Amino acid sequence: MKSAQATVSKVLNYSCVDGPGNRLVVFLQGCNFNCRSCHNPHTIGLCNHCGDCVPACPHKALMLIDGKVGFVPHNCDQCDACLKACSINANPMVQIMSVESVLARLLEHHLMLDGITLSGGEATLQADFIVALFTAIKADVRLRHLSCFIDSNGQLGRAAWQRLLPITDGVLLDIKAIDIQLHQALTGRPNQRVMQSLRTLHQARRLHELRYLVIPGFTDQPSEVQALAELVLSLDANIPVRLNAFQHHGVIGPAREWPKARQHDIQVIVQQLQQAGVREIITPAVYV
Amino acid sequence: MQSIQEKLQKIVCDQTLSPQQKARYLSLEAENMLPYPSLDTETTKALATGVLCDLVEGHAPYKPRYVLPDYSVVLTQGSEYLELEAPVDLDEAINCLMIAYHHVPSVTGMPVYIGHLDQLLLPFCEGVTDDQLYRKIKLFWRYLDRTLPDAFMHANIGPQDNPVARAILRVDAELQQIAPNLTFCYDPDISSDAILKQATDNIIACSKPHIANHPLHQAAFDEKGYGIVSCYNALPVAGGAGTLVRLNLKEVALRSTSVTDFLTQKLPYYSGLCFRLIESRMGYLFEQSNFFDSFLVQEGWIDTQRFTAMYGIYGMAEAVNLLQDMQQSNGRYGHDAQANELGYQISQALAQLVGHTPVKHAWRGRAMLHSQAGISSDVDVTPGVRIPYGAEPDPVTHIQALLPHHRYYDSGISEILTLEETIKNNPQALFTLCKGALAAGFREFTANVDSNDLVRVTGYMVRLSDIALYNQQQGSRTNTTVLGAEAAAGTHILERKPRVVSHEISPSYG
């Protein structure tokens, strides 16, 4: 049987911002949201092999072979000129990785890792791969101490979560907005399924933290913050809420004109959440 | 003669130096008016052209570079010379050490090793509460920083989890002082996870301590043990190092025509000259300086037989990249498997040369190989086997790239990982990184966290705010700020993703 494969945008051997401890992070390519504020827009689309990126590469790392865009990692200087040339937010540098190749990478570094996080894009769009990978990690005596996490936008349906949760140790769930209209405006989708995922994950005790991106003028409105607090309190006041500050790195389009979230903006929200009864709030270590 | 007088005049009237700092620079000038210990023409040329470097140790080595006294001697027997009785309680023990430190010379004129403090003080802690201990250590720490202001001064603790080690870590994080530098010796079979966690949390607070792989170091020494001093030099306790001479691998590569020429001809040749320089300096120290007539020897604080000679190397990254160019390979050191492999081969060759070459007067008759952390005057050459500043891969990849070097450098290999500030929200990540690196075979683990005021500049600690003040001509109370300012200007160290560390030498004035 052919083993499961994933379309991967990038792998990091070290991350201290994607779950507890030091984590190997696999960013899977493709997302079903189209967030205007996205910090990694090149992970949203899937390549349609139009070839626009090939002449844009100054290092001859891209070429068209039989109508398909081919990538030569050895020549790549990581200048990201191809990402700027792409009109559909895709990434010609994606690699196809098998479960075995991710396991090999984990085995190489496992002494220095607390776990693995699958992020994206939207990782759950490649749920078959996640099931195969996490099952294999838990079956390997050398790797089973590593915790298996998913960073998700919550659009996945309940039945699909039921496949993932038995082999998943924790989920970092992004809540883009509580108000449906605001969510629609920011992401291009309503948020009923996100709310359903939130309850599913909470009931299954797999909700590691909620992540909330503070965008001044959008998600920092008192009514929205109050709604966030009520949502948390309706489940458990101890659910950790991580506030991320909107900034411009990686952002494209009109959102680059939106103001960044400063330390003061975050502090105002922290106060409001605390007064409402939210107990665990994590704030950024750095503002850029 | 006029120019010498002018230079002395400049030192005397320098508005940024304290009288003590001036006195030290004046003494260095005087020492260097003496002729250099006798050297043959080839070695003299290699020294003059920068293939060899004596770290400005001076023309007349009248004291060993590093002295690691066995302080348990004065704590159990007192000292006849210093008219000290053996201490009977913690106050007396700390007081004895405070006195002892002023009688221990080194290359900087200040003690580089102030002892394995928890092992020394634990026998005096019976009936002392944790709170009393904390208060006494806090005063002790303040005393050390204010009276011996040199970041090369180094304390050791561990591997046991004990109240003294805990108090020291607590005080060190709280006071955020440059001095003393600190090493926690970690042994997975002895140290608790809790004390290692306290140590790695301290790194986030103040970029200290340095974590040493105790089982690996222990295996390289004998039952009397080792100490980590200065910028991460592992040396025999009750002894030390007579000298530290270093070989610039970049300059050796520049004189080579191919990888084979480098490994089979030029490296052995310049290594031979390095040993001649070591022998000459060791000869002067042991045979002419009369240093070992000291009470330190007579009372058993140090043993003449326990002084090694350190064979330091630097510029591995540049050497490998030059050799890669010669064989038309574009892989760069630290990032490419082939380039890294060539580096390991060079380290192995160096270890063999050092292991096979007898050195007169040296402990066990051999020098010890050391990956040297650099000094403030290094320009366009990377310390030791480090990956060039600003070009380091992520910390995990970084550790994996350097790991195979670590087995070869018995007297220490100083690498500094620079970590993004985001780790402050996730101290577990640093703990795992540290524990994993040591389990994989890293000899020592040192990290700076971006945005900490207290950072390493090649091995020694400086405060960035002090450097800024010094550069505004306000002077600094601590000697290493001067070095830090020079290093920051000359070596791009602050470009290291957070900032880096350097080494300890006090260069001459100006």
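Read the figures in this text as sums done on the coordinates, not as results from a lab. Note that the structure is predicted; figures quoted are calculated from it, not measured. Neighbour counts run over all protein chains shown; Cβ positions are idealised from the backbone, glycine included.
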Tell me the trypsin sites (Lys or Arg not before Pro) within the range A:65-167 that lie in a loop according to DSSP and have at most 16 other beta-carbon atoms within 10 Å. A:142, A:144
How many Å³ per residue does the convex hull of the Cα positions in chain B occupy? 137
Work out, in µm²/s and without decimals, the Stokes-Einstein translational diffusion coefficient of the range A:94-215 at 20 °C, 1.002 mPa s, Rh from Kirkwood over C-alpha pairs. 141
Value at 222 nm in deg cm²/dmol, rounded to 500, when DSSP H runs of n ≥ 4 in the protein assembly as shown each add -39,500 (n - 2.57): -11000 deg cm²/dmol
For chain A, what percent of Cα pairs sit more than 27 Å apart? 43
Using modelled amide H (1.01 Å from N, peptide plane; none on Pro or chain starts), what sits under 5 Å from the amide H of residue B:112, excluding residues fewer than 5 places away? B:67
Descending semi-axes in Å of the range B:195-300, equivalent ellipsoid built from Cα gyration tensor: 32, 26, 13
Once phi is turned into θ = phi - 60°, what whole-Hz ³J(HN,Hα) does the Karplus curve with 6.51, -1.76 and 1.60 give for every residue of the range B:17-28, x standing for Gly and Pro? 9, 7, x, 5, 5, 5, 4, 5, 5, 5, 5, 5
Which far-off residues, 5 or more places away or on another chain, put their amide H under 5 Å from the one on residue A:244, with H placed in the peptide plane? A:212, A:213, A:214
Find the Rg to Rh ratio for the protein assembly as shown, where Rh is the Kirkwood radius over alpha-carbon pairs and Rg uses the same atoms. 1.01
Working note, the range B:67-229: Cα radius of gyration (Å, one decimal) and Dmax (Å, whole number) are 14.9, 44
When the dipole is taken about the Cα centre of chain B, and only Lys, Arg (+1) and Asp, Glu (-1) are charged at their Cβ, what size is it in debye, to the nearest 20? 800
Sum of side-chain charges, residue A:12 neighbourhood, beta-carbon under 13 Å (Lys, Arg +1; Asp, Glu -1): -1
Rounded to whole Hz, the Karplus (6.51, -1.76, 1.60) HN-Hα couplings of the range A:66-82, x for glycine and proline: 6, x, 10, 6, x, 10, 10, x, 4, 7, 6, 9, 6, 7, 6, 4, 5
Quick one: 3J(HN,Hα) in Hz for the range B:427-443, Karplus 6.51/-1.76/1.60 with θ = phi - 60°, rounded, Gly and Pro as x. x, 4, 4, 5, 4, 5, 4, 5, 4, x, 4, 5, 5, 6, x, 5, 6
Using the Kirkwood radius over C-alpha pairs as Rh, can you work out the diffusion coefficient of the range B:1-158 via Stokes-Einstein at 37 °C, viscosity 0.692 mPa s, in µm² per second? 176
Check each of the trypsin sites (Lys or Arg not before Pro) in the range A:194-277 and keep only those in coil by DSSP with at most 10 other C-beta atoms within 10 angstrom; list them in order. A:205
Which GluC sites (Glu not before Pro) does the range B:47-122 hold that lie in a coil by DSSP with at most 14 other beta carbons within 10 Å? B:80, B:83, B:85
Efficiency by 1/(1 + (r/R0)^6): what FRET value for residue A:272 and residue A:12, r their Cβ-Cβ distance, R0 = 25 Å, to the nearest 0.05? 0.15
Between residue B:254 and residue A:260, what's the calculated FRET efficiency when r is the beta-carbon distance and R0 is 51 Å? Round to 0.05. 0.60
Taking Rh as the Kirkwood radius computed over C-alpha pairs, what is the Stokes-Einstein D of the range A:1-148 at 4 °C in a medium of viscosity 1.567 mPa s, expressed in µm² per second? 80
How far is helix A:192-203 tilted, in degrees, relative to the longest principal axis of the Cα atoms in chain A, given as a value from 0 to 90 rounded to the nearest 10? 80
So what does the Cα-only Debye profile of the range B:265-412 read at q = 0.09, 0.13 Å⁻¹, as log10 I(q)/I(0), no solvent term? -0.36, -0.67
Angle check, please: helix A:99-109 long axis (alpha carbons) against the longest principal axis of chain A (alpha carbons), in degrees 0 to 90, nearest 10. 70
